Structure formats: structure tokens, C-alpha cells
1. Can residue 198 be described as part of a helix (DSSP H, G or I) and modelled with pLDDT of 90 or more?
2. Look through 200, 113 and report the one residue that is touching a helix residue (DSSP H, G or I) at 6+ places or on another chain (Cβ under 6 Å) and touching a residue at least 24 places away in the same chain (Cβ under 8 Å).
3. When you go through (1) in contact (Cβ under 8 Å) with a residue 60 or more places away in the chain; (2) exposed (fewer than 14 other Cβ atoms within 10 Å of the Cβ) one by one for residue 157, which number turns out not to apply?
4. Pick out the one residue from 194, 171 that is surrounded by fewer than 17 Cβ atoms within 10 Å (Cβ to Cβ) and either within 25 Å of residue 22 (Cβ to Cβ) or without any contact (Cβ under 8 Å) to a residue 24 or more places away in the chain (or both).
5. Within the bounds of region 177-187, is there any residue that is part of a loop (DSSP other than H, G, I, E, B) and within 22 Å of residue 80 (Cα to Cα)?
6. Considering only region 166-178, I want to know if a residue exists there that is at pLDDT below 90 and more than 20 Å from residue 77 (Cα to Cα).
């Protein structure tokens, strides 16, 4: 299996149009949850007032749901990319398998991103690339959160340039999401999930070939 950005993108577009249930459903669910999550944050801040513990409890529940919806979109992309039999419930795949693991993973990654941003954005890209495919690793190898983080970093060894090239080729989609305040994610999120699922399987194939 060779690294071919054009082929990966072309196949993702074809799968977007032919797969049932459509990956767009996962994108719509993600967009709705992202908007609800933002609303919940401000509502909780208002109704809990100075009760910090109650706010943290409610926020943790909302975060659990949001992070698992985010992971589910990626997982459904992997299912579709592998042309496995799927159902509408697979759009919420993370809830069916290891919701706590995906929640912990999401918290760790977001925490690392925040710390990275504090260091003039340079530190953001380290965890962003190292932990990029940890969601898939949890599903594929049935490992814990921290093992998945390590395996994701190991999987990418020697392939960072390829991933950067793939990201640059998708820069237009990232900008569309930013300029539409996330609304375009109903299409962009599942499409990119398919593209990066293709790249993940490429990495897996390269790893098996090397060994």
C-alpha cells in the first residue's frame, strides 16, 4: 500500500456518497452535540452560580457525551473506510465500546492541546500529531488509554512528513470549518474522518510490512 493523497481523498468522496447509513449522519450528530455543548456550558455557569462542585459535576457529564460523540465520528469513519457492515448505531460507536476510555482520552488530548497553546502554539502540534490516531488504536487493539497514546506515537514514527502533507492538502477544509463557525462540520467532519482512517490503515500496513 503506497501513500497516495489523491487516491485516499477520491475513495473518501466515493464512500461519502455510497455508504448507508451515510457518514453525514455522524457529522450532523457531531455538529448538534457541539452546539448543545456550548449552550450547556453557559447555562450551567448561570444556573449553578457560585456552586463550583455542582458545575463541575454537570459539566463532566456534558463533556463525557461530547467527547464520545467526537470519537464516534472518527470510529464510524474507520468502519466505513474498511467497508464493514454498519448500522445507524455505529454513528455512536464510542458509546457501544469503551465510553470511559474515549472520554479519558479526549480529556488528556484536550488538556495537552491547551497546554501547548499556552506555549505560543508550538507545543500544540506535538500532542496533535503524536496522539492523532489513538482513538483508532483503542478500537483496533483493545488497549487502555495510555497504551493507545504510546502506540499512536509509535505508529507515526517515520511518517510525520506524510501526515503534514495530508494536513496541508486539507487546509482548505479546515478554513471552511473556521469561517462557518463549525457549521460545515456536518460534511467536513465525516469526510476527513474517512480520509484519516484511510491514512491510519496505510500506517498499519506499513508497520506490518516493516515487521
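The values are calculated or read from the model by the stated rules, or taken from the named source; none is laboratory data. Since the structure is predicted, the reported quantities are computational estimates derived from the model, not experimental observations. Don't worry about glycine lacking a Cβ; one is built from the backbone with ideal geometry, like all the others, and counts go over all protein chains shown.
1. Numbers: part of a helix (DSSP H, G or I): yes; modelled with pLDDT of 90 or more: yes.
Answer is yes for this residue.
2. Details: 113 fails: touching a residue at least 24 places away in the same chain (Cβ under 8 Å).
Within the list 200, 113, the selection yields 200.
3. Every listed condition holds for residue 157 apart from (1).
4. Working: 194 fails: surrounded by fewer than 17 Cβ atoms within 10 Å (Cβ to Cβ).
Testing whether each residue is surrounded by fewer than 17 Cβ atoms within 10 Å (Cβ to Cβ) and either within 25 Å of residue 22 (Cβ to Cβ) or without any contact (Cβ under 8 Å) to a residue 24 or more places away in the chain (or both) leaves just 171.
5. Of all residues in region 177-187, those part of a loop (DSSP other than H, G, I, E, B) come to 180-184.
Among the residues that remain, those that are also within 22 Å of residue 80 (Cα to Cα) are: 184.
Taking every residue of region 177-187 in turn, at least one turns out to be part of a loop (DSSP other than H, G, I, E, B) and within 22 Å of residue 80 (Cα to Cα).
6. Checked region 166-178: at least one residue is at pLDDT below 90 and more than 20 Å from residue 77 (Cα to Cα).
Quick grid of which residues meet (1) modelled with pLDDT of 85 or more; (2) in a loop (DSSP other than H, G, I, E, B):
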| residue | (1), (2) |
| --- | --- |
| 13 | yes, no |
| 47 | no, no |
| 75 | yes, no |
| 83 | yes, yes |
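Quick grid of which residues meet (1) assigned to a helix (DSSP H, G or I); (2) at pLDDT 90 or above; (3) surrounded by fewer than 18 Cβ atoms within 10 Å (Cβ to Cβ):
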position: 111; (1), (2), (3): yes, no, yes
position: 114; (1), (2), (3): yes, no, yes
position: 117; (1), (2), (3): yes, no, yes
position: 120; (1), (2), (3): no, no, yes
position: 126; (1), (2), (3): yes, no, yes
position: 136; (1), (2), (3): yes, yes, no
position: 147; (1), (2), (3): yes, yes, yes
